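Colleague: Encoded as structure tokens, here's the structure I'll be asking about.
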Amino acid sequence: VRVASRHYKAPELLVGMTAYDYSVDLWAAGCILAGLLFWREPFFRGRDNVDQLAKVAGILGTEDLAAYCRKYGVVLRPDVRGAVFGTSSDSDTESEGGRDEAKGTTKMAAMERNVPRKRKRPWRDIPPPADAPPIPPEGIDLVDRLLRYDHAERPTAVEAMAHPFFDEVRETIEREWAEENAAREEKEVTSPSNFLQ
């Protein structure tokens, strides 16, 4: 799918889903925020789409990716499975809907039984450079919410903007607006045209 720049491309695009929504933009925002907070831009630096998904799995683990694929009936190509899960099962035959009708199980579930799982890396285990400022816990929480395999679990743009990570920004804007409004009202009260009435 030729949507988004590779380093910010959401998992649903990387696994070949053709139906997607605005949540791909929230994934991209999460990648940008992670890059800014961890001083690592781009945060996921894949050479191609397959390597990009492998880089994502290196941080977010394979367990949630496997669950995501099961939930949405996604069957990964053998080269993708090999790069991401560390196995290639060329004996699998691709059939409509990702089901192996002879065995009655999904290929993804069959593959998972034989593959070691990579756990999600805790964000605190991804150190920024020594000269980087400390990462606020609210920033980590927002990145964690935005960088979810399952697009249905990501916040909406409005929910992301309401996150406590942005409280300081909101407070600053509200204070500046209040100061501007007070100055405007004072100017209107002391305006010469008001004395003529």
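Colleague: When all protein chains stay in place, what accessible area (Å², nearest 10, 1.4 Å probe) is found for Trp177?
Modeller: Approximately 150 Å² for this residue.
Colleague: Sticking with this structure for a sec: Compute the Rg to Rh ratio over segment 28-87 from the alpha carbon atoms, using the Kirkwood formula for Rh, and round to two decimal places. Walk me through the numbers before you get to the answer.
Modeller: Details: Rg = 12.5 Å, Rh = 12.3 Å.
Taking Rh as the inverse mean 1/r over Cα pairs, Rg/Rh reads 1.01.
Colleague: Once both labels are modelled 7 Å past Cα along the beta-carbon direction, what's the Phe166-Glu63 spacing in nm?
Modeller: Label at Phe166, label at Glu63, 3.1 nm between them.
Colleague: Residue by residue, what Karplus-based ³J(HN,Hα) values in Hz, rounded to whole numbers, does segment 142-150 have, using 6.51, -1.76 and 1.60 with θ = phi - 60° and x for Gly and Pro?
Modeller: 5, 4, 4, 6, 6, 9, 10, 4, 6
Colleague: Give me the number: length gained by fully extending Glu179 to Ala130, i.e. 0.36 nm times residue separation minus the C-alpha to C-alpha distance, one decimal in nm. Let's see the in-between values first.
Modeller: On the way: separation 49, 0.36 × 49 = 17.64 nm, distance 3.82 nm.
Full extension of this stretch gives 13.8 nm more.
The values are calculated or read from the model by the stated rules, or taken from the named source; none is laboratory data. All figures in this text were calculated on a predicted structure; none of them were measured in a lab. Methodologically, a virtual Cβ is constructed for each residue, glycine included, from the backbone with ideal geometry; neighbour enumeration extends over all protein chains shown. Side chains included, ligands, DNA and RNA excluded: accessible areas come from the protein's heavy atoms. Shrake-Rupley method; radii C 1.70, N 1.55, O 1.52, S 1.80 Å.
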